[in-house]
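These notes are about the structure you will find just below.
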Amino acid sequence: MKANLPADRVLFFSDAVFAIAMTLLILEIDLPTVAELEHYRMLEILRIRIPQFIGFVLSFLVTALFWRAHVLICKPLKEVTDRFVWLNILLLLFVVLMPYSTALYSSYGYSSNVAFSFYSLNLAAIGLFHLLIIYQVYKQEPVTNDNELKYKKWQVRRSIAVVFIFSVSAPLAWWMPTFARYLFIGIFLVHFLLDRHYRKDGLKGNIG
């Protein structure tokens, strides 16, 4: 028989990994080199770094949203199973990959479909394992009332939207590169509509 593990140890570890990964994102913005300073003014160097700053801000906010969703879904847990632990480890694997995929996206994502697709699939993988964790949590903690059922559906559908849009963006970049790069905005639109729908349906809880 496999013993359950204390949830707080697993979740504290997860929080630390999220925090470290988010912190490491800033290291992907290159400091000015001596050669650059000899040929360009500091303002011009910072202008050249704009894509890196955009990638940093985007990835920081997206990772923060994944962390918030992780906190909300794991809130009722007192113990976790081995299956949860391994799903969580795989989730964190792709969270830790974010600084690297962000560096690729910031440096080459506007000109290279491979770099953009790699970044998109990294985010899709985080979304996928978060979705699997949602199902695992509700397997351990079954819903007991109508509001909890609505809350579960809200979480699942938001996660599916993330996985779907990021997964579609990766191959779409080869046929419709500009559209694929703006498809990310669709996540915010879908989430807004889902939040509005479930609020009207009487959902109570940490939504939106």
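Laboratory data are not the source of any read-out in this text; all were calculated from the coordinates shown. This is a predicted model, so every value here is computed, not measured. We place every Cβ from the backbone using ideal geometry, glycine too, and count neighbours over all the protein chains shown.
Between amide H atoms placed 1.01 Å from N, distances below 5 Å from residue 80 occur with 5, 7, all of them 5 or more places distant or on a separate chain. Loop-located chymotrypsin sites (Phe, Trp or Tyr not before Pro) across the range 95-139 with a Cβ neighbour count of 15 or fewer within 10 Å are 110, with loop assigned by DSSP. Ranking 190, 92, 70 by how far each Cα lies toward the positive end of the dipole of the chain (charges on Cβ) leaves 190 at the top.
Computed from Cα atoms, the angle from the helix 82-96 axis to the main principal axis of the chain rounds to 20 degrees.
Measure nothing but the geometry: give the 0 to 90° angle between the long axis through the Cα atoms of 50-74 and the longest principal axis through the Cα atoms of the chain, rounded to 10°. Result, in degrees: 10.
Working note: Cα gyration tensor of the range 60-197, eigenvalues times five, square-rooted, sorted largest first, giving semi-axes of 29, 18, 11 Å. Estimated from the Cβ-Cβ distance and a Förster radius of 25 angstrom, the FRET efficiency linking residue 50 and residue 192 is about 0.35. Calculate, for residue 185 and residue 33, the FRET efficiency according to 1/(1 + (r/R0)^6) with r their C-beta to C-beta distance and R0 35 Å; round to the nearest 0.05. FRET efficiency, residue 185 to residue 33: 0.50. Relative to the dominant Cα principal axis of the chain, helix 185-200 is inclined by about 30°.
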